[in-house]
Amino acid sequence: MKFLRSIFDSQARHFGKGGKLEFAYPLYEMVDTFLYTPGTVTKGASHVRDGLDVKRMMTTVVIALLPCVFMAMYNTGYQAHLAISQGAQPLETWQTSVAEWLGYGAWDPTDVVACIVHGVLYYLPVLIVTFAVGGGCEALFALVRRHEINEGFLVTGMLFPLVLPPTIPLWQVAIGIAFGVIIGKEIFGGTGMNILNPALTARVFLFFAYPAQISGDQVWIAADTGVDGLSGATWLAEAAVSGQAVLAEGVEWWDAFLGFVPGSMGETSTAACLFGALVLIVSRVGSWRIMLGVAVGSYAATLLLNAVGSETNLLLNVPFEWHFVLGGWAFGAVFMATDPVSAAHSETGRYIYGFLIGVLAILIRVVNPAYPEGMMLAILFMNLFAALIDHFVVQANVKRRRARYAA
């Protein structure tokens, strides 16, 4: 590694101020800081020193996401193999051809390795396109603005593939992440200045621009589920049609908790999300106040709607323990709502921010059965009000202090 370090140091002068490659300094700095810890440190006594920087923060989030990434690969293959074993047909895609060429064409859902390999063939291309296009947009804006490329996109690039269905066309992945990075972040000034979560901005763009490829019954399983009357709908979509009755017919709560259900590639496992929550809370990278607020808000809204009840909209009867494990509730509460840039920053504001997200998520799910998933819109909506919540919290604190110390 010293040899590599000496190469970087010898070429640094070309990228520094006045060098012939000065315009490309952000690219040099990006590779350098990715491989090594930055050598610049504060010297003045007035600075507060902390071992946590953007690089370590983003790395911690990536570690927290690893179980979700594993489930994205395994469950994608598992759901496809399970559907095929029940009568569905393999999709006529290059992924299917590669899986058959590798000898995994038996489509056995009990073969863990086969499921992982098949899932990797769907997940990995989406991840590569996301980083290539999204990272390219970040680099382009850094070059034009002549500032460093920070590690902010690392988490966005990891999150975005996890909230997509496995059958999403790659060209839509490219358009979506470009929209999320440019419109959701760069037009506000880049990392640390955006008011919207870039990954959710990208997904909501795809949802409204190309609904056929990111919603409905047939996009969640990498197999032709339209054959032999099989359904590829997510359990949350099934619940929107038939309510709690469907959840009781041969459906195990533990399957949904562990993630063995159709859905976006990395959102299905509540257990994996809870591991991520533990990592984020222990490392203090993610706010437990926001997570708690989301849970309390969702629980309160569910209790209220359960008390109202309905014979026409049976989603009003679905209990909280099912909302907790279905759709993107857990993933959104742990990884999306706690985004340190677009969320509320005051401690009291985080409780309020999370509570309102929880309430809105359940209301959108239940009141609008045509859109059974509500976490994405709830978080984006509250992103817009996060600064306002902080403003009122600060003003309330100022008012109390004035009253306390008034002469």
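Do we have Asp390 as at pLDDT 90 or above and not in a helix (DSSP H, G or I) here? No: the conditions fail for Asp390. Restricting region 176-192 to residues that are within 19 Å of the chain's Cα centre (by Cα) and in a loop (DSSP other than H, G, I, E, B) leaves a set whose member that is surrounded by the most Cβ atoms within 10 Å (Cβ to Cβ) is Lys185. What is the one condition in (1) on the phi < 0 side of the Ramachandran plot; (2) buried (at least 16 other Cβ atoms within 10 Å of the Cβ) that Trp107 does not satisfy? Result: Trp107 fails condition (1) only. For beta carbons closer than 8 Å, sequence separation of 6+ or different chains, a first residue in region 265-277 that is of a type in the set (Phe, Trp, Tyr) and a second that is open to solvent by less than 10 Å² (accessible area, probe 1.4 Å), the qualifying pairs are Phe275/Ala64. Among residues of region 302-325 being touching a residue at least 60 places away in the same chain (Cβ under 8 Å) and open to solvent by less than 10 Å² (accessible area, probe 1.4 Å), the one that is nearest to Ile214 (Cα to Cα) is Val325. For the residues Val98, Val126, the requirement of being closer than 20 Å to Gly180 by Cα, open to solvent by less than 60 Å² (accessible area, probe 1.4 Å), modelled with pLDDT of 90 or more and of a type in the set (A, V, I, L, M, F, W, C) singles out Val126. Filtering region 326-346 to residues that are under 18 Å from Ala277 (Cβ atoms) and open to solvent by 50 Å² or more (accessible area, probe 1.4 Å) leaves only Pro340. Restricting attention to region 129-175, the residues that are part of a helix (DSSP H, G or I), under 25 Å from Asp224 (Cβ atoms) and open to solvent by less than 20 Å² (accessible area, probe 1.4 Å) add up to 4.
The values are calculated or read from the model by the stated rules, or taken from the named source; none is laboratory data. Quick caveat: nothing in here was measured; it's all calculated off a predicted structure. Quick reminder, even Gly has a Cβ in these numbers, built from the backbone with ideal geometry, and neighbours come from all protein chains shown. Surface accessibility is based on the protein's heavy atoms, side chains included, excluding ligands, DNA and RNA. Shrake-Rupley method; radii C 1.70, N 1.55, O 1.52, S 1.80 Å.
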